[in-house]
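The values are calculated or read from the model by the stated rules, or taken from the named source; none is laboratory data. Predicted model, so just to flag it, every value in this text is computed and none were measured. Quick reminder, even Gly has a Cβ in these numbers, built from the backbone with ideal geometry, and neighbours come from all protein chains shown. Heavy atoms of the whole protein, side chains included, go into the accessibility calculation; ligands, DNA and RNA do not. Shrake-Rupley method; radii C 1.70, N 1.55, O 1.52, S 1.80 Å.
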Amino acid sequence: MYIVTGATGWVGKNLLHCLQKIIDRKQFNKEVYCFANKKRKISSTAYREKIEIPIIPLSEINNIFEGHSNLKIIHTAFLTREKIKDFGKEEYIRKNKSITNLMENLLIKNYGSRIVIISSGAAQNYDANLSECKLSTAEPYSFLKREEEIKLSKISDSLILRIFALTGKFIRDPEIFALGNFLISAKQNKAIKILSNAPVSRSYGFAGDIADLSIKWLESSLVGSRNPIAAVSETIDLLKLANKISQIYDLPNLNHNINYDLDSNDYVASTDEFKMLLNKFNLKATSLEDQIKITFRYINDNYLF
């Protein structure tokens, strides 16, 4: 039995899409339980004849599961950093701690379950000194992500996958990401404009690869680790990324004023561990060009106007 939290998010939707490929449509809603912030239904994405998939409020997760064994859990639910301005810092912290507590209780009540924790590269900011920091003065998103990694991995066999920058199907709010912005320009057949004067590098992971790996690991007997793995397969300078997109879609010459004498803004990690783990399950990392093309197809046409 699979449990997917954050099932309506970018990674969550990719997980459901991949699960549809291995579970018969008539069995899907019996074998996969999907949780998000509120009750609703969403349509399947991989079946020729669509089905409605019920989404259950995450707050009900421990009422549904108690005393089960061998649950396969993929946990993506978490309020992103952008939500701090919506809720205020204290309420943001309370809501995320509540999510972690729900998952702690689930793992305690269902001994022997395995969990993939979809975390963030931002958690690395507190790899060395979480115990020495106070949440009241810390950057809350990074701190709470690292705290959750530690708490949940202590209870159950775990695979921690940290996302840095993401590509793939079902992209949400593309305008807030550099890649998304570039692809909006490509949809509009306009020149890409890079706003930063400083060089910028990002490590990208493909949501489909992350989903496939998560499912393969849960189905395997491979023991997890408390050491997080950066879920990235490509690292690239954004100027090179913009040039690559411009070439693929035959765009006008891009606009930029990047000064390579300035300090680089880097959010990067080694791709080695992720690629090695993919290889263990006979999976191959999706090429950067394919990542770009697939993400492009999921940019909503509303961005054309």
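Just a few scattered comments:
- Its alpha carbons considered, segment 256-305 gives a radius of gyration followed by a Dmax of 16.7, 45 Å.
- Span from the segment 106-133 Cα centroid across to the segment 222-265 one, whole angstrom: 27
- Principal axes of segment 78-127: Cα extent on each, largest first, Å: 38, 22, 14
- Taking the empirical scaling 2.2 N^0.38 Å for compact globular proteins as reference, segment 5-131 has a Cα radius of gyration ratio of 1.14.
- Amide N of segment 15-37 lying under 15 Å from the label point, which is placed 7 angstrom from the Cα of ILE64 along Cα→Cβ: 16, 28-37
- √(5λ) per eigenvalue of the Cα gyration tensor, segment 47-122, largest first, Å: 24, 19, 13
- Quotient of C-alpha Rg and 2.2 N^0.38 Å, computed over segment 163-211: 1.23
- Percent of Cα-Cα distances greater than 12 Å, calculated over segment 1-51: 61
- Protection proxy ranking of 57-69, 185-197 - average other beta-carbon atoms within 10 Å, highest first: 185-197, 57-69
- For the chain, the C-alpha radius of gyration divided by 2.2 N^0.38 Å, with N the number of residues, is 1.01.
- Accessible area of the chain divided out per residue, in Å², using a probe of 1.4 angstrom: 50
- For ASP250, solvent-accessible area (1.4 Å; no DNA, RNA or ligand), Å²: 130
- The relative contact order of the chain comes to 17 percent, based on Cα pairs under 8 Å that sit 6 or more residues apart.
- Note on ASP290 and ASN37: their simple-model spin labels are 3.4 nm apart, each label 7 Å out from Cα toward Cβ.
- Pairs from LYS193/LYS284; LYS13/LYS97; LYS190/LYS293 whose Cα-Cα separation, in the structure shown, is over 21 Å: LYS193/LYS284; LYS13/LYS97
- For segment 8-32, backbone nitrogen atoms closer than 19 Å to the point 7 Å from GLU175 Cα along Cα-to-C-beta are found at 10.
- Normalised contact order of segment 32-155, rounded percent, pairs of Cα under 8 Å and 6 or more residues apart: 24
- The chain, dipole about Cα centre (Lys/Arg Cβ +1, Asp/Glu Cβ -1), debye to the nearest 20: 900
- At 1.567 mPa s and 4 °C, Stokes diffusion of segment 202-297 via Kirkwood alpha-carbon radius, µm² per second: 84
- Rg/Rh (Cα only; Kirkwood hydrodynamic radius) as it applies to segment 94-204: 1.08
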